[in-house]
Structures are given as C-alpha cells and as structure tokens.
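Contents: one structure, followed by commentary.
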Amino acid sequence: MAIFGESVSSPRLPNMTRPDADKSSTNGSAHQTPAESFPSESEAQAVALRLQRLLDEHDPRELDAREFRGHQYDAGLAWVHHSPHAGGMDARPDLQVHVERHLSRVGLTSRPAVEFFVYLAGPTIATHGTPEQCDRLLRPMFTGEELWCQLFSEPGAGSDFAGLAARAVRDGDEWIVNGQKVWNTLAHLADRGMLVTRSDPEAPKHKGMTYFALDMHADGVEVRPLRQITGEAEFNEVYLTDARISDEDRIGAEGEGWRVALTTLSNERSAIGGATSEPKRGSGPIANLLEVWASLPEERRTPILRDRVAGLWIGAEVNRLTNLRAAAARKSGNPGPEGSIAKLAFTQMNKEITEAEVDLLGSAGLTGYDYTFRRPETLSVTGENQGPRYAFMRARANSIEGGTSEVMRNILGEQVLGLPGEPRVDKDIPWKDVPRS
C-alpha cells in the first residue's frame with residue numbers, strides 16, 4: 001500500500017508542508033493591494049477601498065496592535081457584516097476573511113489568545129445589543145482594552161444550560177443578582193462577563209432568562225480559582241452576592257436570555273472548532289506532532305507509527321479545509337448548527353493528536369512536567385504552545401468546554417440531520433416546578 005506516493009515500508013514521512021512554507025492560504029503576495037486581492041464584484045471592492053484607505057492612513061507595522069485595531073473598528077472593518085454602529089459596513093460576512101487575510105499579510109500581529117471571547121461577545125452584542133450598547137462596549141472589546149469572560153455554566157446547570165438558577169431580581173433601574181457560575185475561563189483577568197440569569201422562575205426554563213454584560217470589578221462579584229489536571233487554574237468559579245447590574249447592561253429583552261445566549265454558543269463552538277480563523281496548512285497541534293516525529297531516532301520511526309502520523313495529518317488538513325469552506329459559504333453573520341460540526345471534529349482530532357505525541361515520546365512523556373499551581377495569563381484551547389505533556393492533559397477539557405461532545409451530537413442529529421429530538425418532559429412547565437437534585 002502506498003501513501004503520498006511512498007511505500008508504507010518506508011519509515012520516513014512525506015514532505016508535509018510546514019506552516020511557514022505554505023503559500024496556499026495567502027493567495028498572493030504581500031505587495032498586492034486590497035483591490036487586487038479581493039473579489040472583483042462591487043461590494044467586495046467597496047470593502048477593499050475602505051481597507052486601502054485604512055492602510056494608507058495607519059501602518060500596522062508602525063502602530064501598537066490595539067491602536068491599529070481601534071482605527072480598524074472606526075473604519076467599519078472590525079466585522080464588515082455588522083452595521084456601522086457595530087464596527088461594520090453591512091457587507092457580506094465572507095468578506096471579513098479577506099480583510100483579516102490582507103491585514104495579516106501587511107504586518108498586523110495575531111490577536112492574543114487572552115482576547116478569545118471577542119469572538120463570542122462581539123457578535124452577541126452586535127446582534128442583540130442596542131446602538132448605545134454597541135457604541136459603549138464593542139470598540140474596547142475589539143481593541144483588547146477590555147477583556148471578557150463567559151458566565152453560563154453552574155454547578156447544577158452544565159449541559160442542561162437552560163436549567164440555570166442564578167437569580168436576577170429587578171430593583172428599579174438595576175438588577176440584584178445572586179448565584180454561582182463555574183468553569184469560567186480566564187474570569188480572573190476579565191473586565192466584563194457574559195452573564196445569563198434566571199429572571200422569572202414562574203416561566204418555563206427556556207423562558208424567563210435574561211442576559212447581562214456584567215462588570216467583573218463590581219461589588220459582590222468574587223472570582224475563585226479551579227485547579228485543573230495541568231496544575232494551573234485557567235478555569236474559575238464566580239460567586240455573585242447581591243451584585244447590582246444596571247439595566248443599561250441588559251443585552252436583549254427581559255426574559256429573552258436563551259435566544260441571546262444561543263448566539264454566543266453558536267459562535268463559541270465555531271471559535272473552538274477553528275471555524276473563525278484561517279490557519280495555514282500544517283499549523284496548530286499537528287505541527288507539534290510532526291516535531292515529535294522528527295525528533296525520534298531512526299529505529300523508532302516504524303511503518304505503523306508513520307501510518308498513524310500521516311493519517312492524523314490528513315485528518316487535520318480535512319478539518320482545516322472544511323472550516324475554510326464553511327467560512328467562505330456563510331450567508332449570515334452568526335454561524336448555525338454547523339458550528340457544532342467544527343467543534344466536535346476539533347475535539348476528537350486534538351485528543352488523537354496529543355495522545356499520539358505522548359505515545360511517540362514513550363516513557364519520556366511521563367516525566368518532566370511542572371504541576372505547580374499557577375494562574376495563567378493567556379488561553380490555550382489546544383495546548384500546542386506549552387509542550388506535548390501539557391497539551392495531552394489540556395485536551396481532556398475539549399470534549400466538555402463549549403458544549404459536551406454528547407450535546408454536539410444531539411444538535412447535529414436534530415438540527416442538521418432532522419432526526420427526532422429526545423423527549424423533554426420539563427420543557428413547558430415552570431422552572432420552579434422542575435425537579436432538581
């Protein structure tokens with residue numbers, strides 16, 4: 001049997017393109033103007049003209065990334081598919097890919113991982129927020145001046161997110177919130193939190209929920225670390241004790257928190273699955289696996305192991321191309337249930353890749369790791385930047401965070417394949433009457 005034109009008996013992997021050598025994702029030279037690199041139709045050229053004007057006035061190689069992103073937001077090129085008051089210009093969503101691609105070519109540095117939640121909170125507020133909220137919240141979020149976190153899960157409401165119990169009671173122009181949230185990534189660094197509460201316990205559980213943009217520095221908000229298998233406390237639990245939130249920070253209508261949260265969740269799944277980025281071929285976790293393979297002595301590179309690594313490289317490339325195709329085909333600003341496909345595929349692939357890395361290391365994969373407790377200053381969903389031992393342990397969380405793999409399969413079955421839904425006996429009864437353990 002031959003793979004990539006070579007016999008399986010050969011212990012050498014084929015020349016799989018490294019990230020820095022890939023030309024397919026750049027689709028042109030850095031010297032191309034936006035007009036030359038964008039599609040030729042009028043809407044795309046209007047975006048290209050706006051981008052050219054931005055670059056003529058502000059060079060990303062000479063400015064701090066936050067300062068440049070502020071100019072990008074003001075130019076309507078933060079999210080081109082959103083309205084002008086939300087950092088956009090009412091263009092097609094697929095044109096944002098061209099904007100980001102060109103900015104990367106001309107020297108804009110990648111967004112730090114600690115700003116991950118801009119991909120969740122940004123679309124949510126742009127979709128459901130008032131013009132005043134968009135003006136106030138989106139620009140500092142997009143530039144990275146204000147960091148966000150997500151406050152959804154609770155000790156009794158994880159996969160059954162609609163069963164949440166954190167209580168919000170209206171008090172004039174404010175809300176008083178009491179409750180506990182858990183598994184809150186980087187909440188210890190956040191300035192704002194996407195908070196969903198129970199505002200009407202008399203309504204069915206999918207009703208009576210209200211969504212807020214919480215000030216994480218407000219009185220009554222306490223963040224406590226949750227130590228993970230990696231030794232760090234990337235996750236947190238957040239306690240809300242008589243925390244007061246202005247009604248001006250309510251996102252969407254009272255009682256419509258479930259509908260607003262679905263926008264956050266769909267974008268979260270796409271972001272974790274890689275559907276919001278444009279990775280180069282051979283980049284990400286698979287690059288680390290190839291490095292481990294290359295470090296093995298010749299006698300360890302057996303045909304069986306070679307076949308395993310090659311198969312994982314193929315799988316990673318299929319996922320990458322599928323995400324690129326999905327991004328190019330998007331007709332609306334927010335992803336649909338197809339985001340669950342990206343998230344589920346990423347979860348399985350990252351686990352398999354990190355397991356292979358540790359297997360290739362042999363007994364060395366069991367030693368040399370520091371389990372000292374620490375509060376991280378950044379986020380690594382894949383774990384790729386902290387070595388194979390860390391990545392192997394961090395990957396265990398991939399099938400839980402952003403919706404468990406079991407929930408993702410339910411979404412795919414019911415919303416993509418049209419299969420009958422599971423019986424839900426508590427769907428139409430008041431939340432307060434739903435049995436809880």
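Annotation note: of R12, R53, the sole residue that is surrounded by fewer than 15 Cβ atoms within 10 Å (Cβ to Cβ) and at pLDDT 95 or above is R53.
A count restricted to segment 41-50 and to residues that are open to solvent by 30 Å² or more (accessible area, probe 1.4 Å) and in contact with a helix residue (DSSP H, G or I) (Cβ under 8 Å, 6 or more places away or on another chain) stands at 3.
Among the residues of segment 127-143, is there at least one that is under 28 Å from Y211 (Cα atoms), more than 20 Å from the chain's Cα centre (by Cα) and among the β-branched types (V, I, T)? Yes, segment 127-143 contains at least one residue that is under 28 Å from Y211 (Cα atoms), more than 20 Å from the chain's Cα centre (by Cα) and among the β-branched types (V, I, T). Residues in segment 219-270 that are open to solvent by less than 40 Å² (accessible area, probe 1.4 Å), farther than 17 Å from W175 by Cα and not in a helix (DSSP H, G or I): L226, Q228, T230, G231, E232, A233, E234, F235, N236, E237, V238. The set of residues in segment 80-96 being farther than 11 Å from L51 by Cβ, part of a helix (DSSP H, G or I) and either in contact (Cβ under 8 Å) with a residue 24 or more places away in the chain or of a type in the set (D, E, K, R) (or both) consists of H85, A86.
Anything in segment 38-79 that is part of a loop (DSSP other than H, G, I, E, B) and touching a residue at least 60 places away in the same chain (Cβ under 8 Å)? List them, or say none.
Hits for segment 38-79 are F38, A78, W79.
Pick out the one residue from F117, F68, F38 that is among the hydrophobic types (A, V, I, L, M, F, W, C), at pLDDT below 90 and either over 26 Å from G193 (Cα atoms) or surrounded by 14 or more Cβ atoms within 10 Å (Cβ to Cβ) (or both).
Selected residue: F38, the only one of F117, F68, F38 that is among the hydrophobic types (A, V, I, L, M, F, W, C), at pLDDT below 90 and either over 26 Å from G193 (Cα atoms) or surrounded by 14 or more Cβ atoms within 10 Å (Cβ to Cβ) (or both).
Kindly check whether there is at least one residue in segment 419-436 that is at pLDDT 85 or above, assigned to a helix (DSSP H, G or I) and either open to solvent by less than 30 Å² (accessible area, probe 1.4 Å) or hydrophobic (A, V, I, L, M, F, W, C) (or both). Checked against the condition, which is being at pLDDT 85 or above, assigned to a helix (DSSP H, G or I) and either open to solvent by less than 30 Å² (accessible area, probe 1.4 Å) or hydrophobic (A, V, I, L, M, F, W, C) (or both), segment 419-436 yields at least one hit.
Listed here are the residues, each with its yes/no results for (1) in contact (Cβ under 8 Å) with a residue 40 or more places away in the chain; (2) more than 20 Å from S153 (Cα to Cα); (3) touching a helix residue (DSSP H, G or I) at 6+ places or on another chain (Cβ under 7 Å).
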{"site": "E222", "(1), (2), (3)": "no, no, no"}
{"site": "Q228", "(1), (2), (3)": "yes, no, no"}
{"site": "E237", "(1), (2), (3)": "yes, no, no"}
{"site": "A243", "(1), (2), (3)": "yes, no, no"}
{"site": "G255", "(1), (2), (3)": "yes, no, no"}
{"site": "T264", "(1), (2), (3)": "yes, no, yes"}
{"site": "P279", "(1), (2), (3)": "yes, yes, yes"}
{"site": "S283", "(1), (2), (3)": "yes, yes, yes"}
{"site": "I286", "(1), (2), (3)": "yes, yes, yes"}
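Looking across V196, V169, one residue alone is open to solvent by 40 Å² or more (accessible area, probe 1.4 Å) and among the β-branched types (V, I, T). It is V169. Suppose we keep only residues that are open to solvent by 40 Å² or more (accessible area, probe 1.4 Å) and aromatic (F, W, Y) within segment 361-393. Which one would you say is nearest to L305 (Cα to Cα)? Selected residue: F392.
The values are calculated or read from the model by the stated rules, or taken from the named source; none is laboratory data. Keep in mind that this is a model prediction, so the values were computed, not measured. We place every Cβ from the backbone using ideal geometry, glycine too, and count neighbours over all the protein chains shown. When the accessible area is computed, the model is the full protein with side chains, heavy atoms only, and any ligands, DNA or RNA have been set aside. Shrake-Rupley method; radii C 1.70, N 1.55, O 1.52, S 1.80 Å.
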